[in-house]
Amino acid sequence: MKFSIDRETLLRPLQLVAGVVERHQTLPIISNILVQAEAGGALTLTSTDLNEWLVARLEGVEAVEVEQSGETTIPAHKLATIWRSLPEGSRVSVGVKDQFAIVKTGRSRFSLATLPTEDFPTAEEAVGVVEFTLSSAEAKDMIDRVSFAMAQQDVRYFLNGMLLEVTSEHLRTVSTDGHRLCQCTVGKGVEGVDNRVQAIVPRKVVLELRRLLEDGEDELRITVSDKNIRVTRGMFTLTSKLIDGKFPDYERVIPQNAKLSVTGDRETLNRALQRSRILANDRAPCSKLSLEGDQMTIETNNTEGENATDVVPVEFTGAEPTQLAFNPDYLLDVIRVLGTESVRLRTAEPGSSALMDAQGDDSALYVVMPMRI
């Protein structure tokens with residue numbers, strides 16, 4: 001195998017593919033990237049952690065010149081680090097000699113140990129239960145609005161990811177860590193879906209998919225099966241196993257018939273909560289919200305006796321003064337992803353979970369659990 005390519009042409013695909021590979025592996029072969037060069041100028045890079053596979057295929061790119069077709073596996077992070085360190089505008093050649101991959105450009109030469117390609121694991125074929133397309137903008141929005149609430153290494157393994165729900169009426173993403181819940185809905189479904197299709201996508205895969213969406217406006221083709229999900233965008237194909245488990249009945253968690261409602265300017269609330277957060281306890285931050293008339297007083301304190309108070313104007317639909325308490329980090333996370341000028345918080349009564357949304361936009365809903373005052 002031997003090919004040459006411009007540094008910049010391969011830089012981003014290589015970095016993304018290498019990003020899937022865990023740095024510490026018990027199985028040496030999955031520390032490598034599978035590199036396949038085909039006559040005619042096609043080049044394919046594949047990486048895996050045995051749960052997720054990412055493939056980047058460069059085809060019909062003038063900057064790729066394949067002198068000898070073939071395949072090999074090359075250490076992922078070493079190759080990506082070398083490639084990133086090469087001078088801008090470099091023309092780089094990659095070949096195989098005596099079980100070593102030789103990377104050359106100018107006066108620089110690198111020799112990397114390879115492993116047999118037949119040992120490289122392949123992804124299971126995803127036989128689709130449902131298949132649909134989604135614009136990059138919609139996909140970004142559906143991930144960004146909920147991904148911050150995914151659990152991390154929770155013993156309730158089904159929370160360590162994002163629920164993707166497909167019906168004939170809507171596409172929806174949901175995440176929860178047990179303290180808060182996020183829901184984002186795109187008002188279009190998939191024709192022919194008779195029953196609700198749900199897939200729990202692992203946290204790592206959600207974050208990897210978001211990186212794939214950083215540039216360009218290519219459309220995504222998504223295939224969901226009983227065990228796998230496959231997403232294709234441009235030159236990239238991401239295949240992953242799904243989390244095998246039952247996601248909580250999120251619709252039961254969303255508060256109904258809220259009696260108390262608070263609406264305020266998003267940026268004003270954001271700044272006030274950030275200021276008061278400075279003097280909150282780091283381990284269990286708590287902001288007490290005192291509501292009366294047309295103002296809200298935000299109070300925080302810590303174990304050292306320090307405290308902070310901030311007053312902001314709001315619209316409060318309660319007849320009597322009310323006190324609520326929440327983790328300020330949870331409120332700030334929601335405020336950051338809302339795109340409207342106003343933020344609304346509703347609850348049935350003090351001590352109950354609160355529903356947050358952007359006034360005039362019901363495509364995203366957020367539930368935040370209260371704290372004891």
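Set side by side, the residues 56, 80, 63 differ, and just one is surrounded by 14 or more Cβ atoms within 10 Å (Cβ to Cβ), in contact with an Asp or Glu (Cβ under 8 Å, 6 or more places away or on another chain) and over 17 Å from residue 116 (Cα atoms), which is 63.
Would you mind telling me which numbered condition in (1) surrounded by 15 or more Cβ atoms within 10 Å (Cβ to Cβ); (2) modelled with pLDDT under 95; (3) touching a Ser or Thr at 6+ places or on another chain (Cβ under 8 Å) residue 42 fails? Checking residue 42 against (1) surrounded by 15 or more Cβ atoms within 10 Å (Cβ to Cβ); (2) modelled with pLDDT under 95; (3) touching a Ser or Thr at 6+ places or on another chain (Cβ under 8 Å), the one that fails is (3). Among the candidates 158, 120, which residue alone is surrounded by 15 or more Cβ atoms within 10 Å (Cβ to Cβ), among the aromatic types (Phe, Trp, Tyr) and under 27 Å from residue 28 (Cα atoms)? Only one candidate qualifies: 120.
None of 101, 151 is buried (at least 19 other Cβ atoms within 10 Å of the Cβ) and small (Gly, Ala, Ser) except 101.
Residues that are loosely packed, with under 15 Cβ neighbours inside 10 Å: list the strands (runs of 3 or more DSSP E) wholly contained in region 313-373 that include at least 1 such residues. In region 313-373, the matching strands (runs of 3 or more DSSP E) lie at 322-326, 361-368.
Have a look at 89, 95 and point out the one that is buried (at least 16 other Cβ atoms within 10 Å of the Cβ) and either assigned by TED's automatic domain parsing to the domain that holds residue 36 or in contact (Cβ under 8 Å) with a residue 60 or more places away in the chain (or both).
95
Residues considered: 8, 22, 52. Of these, the only one that is among the charged types (D, E, K, R) and closer than 17 Å to residue 233 by Cα is 52. Among the residues of region 166-185, just one is within 16 Å of the chain's Cα centre (by Cα) and either surrounded by fewer than 18 Cβ atoms within 10 Å (Cβ to Cβ) or outside any strand (DSSP E or B) (or both), namely 177. Considering region 214-234, the residues that are touching a helix residue (DSSP H, G or I) at 6+ places or on another chain (Cβ under 8 Å) and modelled with pLDDT of 90 or more include one that is farthest from residue 124 (Cα to Cα), namely 219.
Confirm whether residue 117 is of a type in the set (Val, Ile, Thr) and free of Cβ contacts under 8 Å to residues at least 40 places away in the same chain. No: the conditions fail for residue 117.
With respect to residue 240, is the statement that it is among the hydroxyl-bearing types (Ser, Thr, Tyr), surrounded by 13 or more Cβ atoms within 10 Å (Cβ to Cβ), in contact (Cβ under 8 Å) with a residue 24 or more places away in the chain and part of a helix (DSSP H, G or I) true? No. Cβ-Cβ below 7 Å, separation at least six or inter-chain, first residue in region 269-295 and in a loop (DSSP other than H, G, I, E, B), second of a type in the set (Asp, Glu): which pairs? Here the result reads 279/306; 285/329; 294/315, each pair linking region 269-295 to a residue that is of a type in the set (Asp, Glu). Among the residues making up region 18-35, a single one is closer than 11 Å to residue 77 by Cβ, of a type in the set (A, V, I, L, M) and in a helix (DSSP H, G or I): 18. Taking the criterion of being more than 23 Å from residue 210 (Cβ to Cβ) and outside any strand (DSSP E or B), the residues of region 36-77 that qualify are 39, 40, 41, 59, 60, 61, 62, 63, 64, 69.
The values are calculated or read from the model by the stated rules, or taken from the named source; none is laboratory data. Everything numeric here is computed off the predicted structure, so don't read it as measured data. Counting neighbours? That spans all protein chains shown, and the Cβs are built from the backbone with ideal geometry, glycine included.
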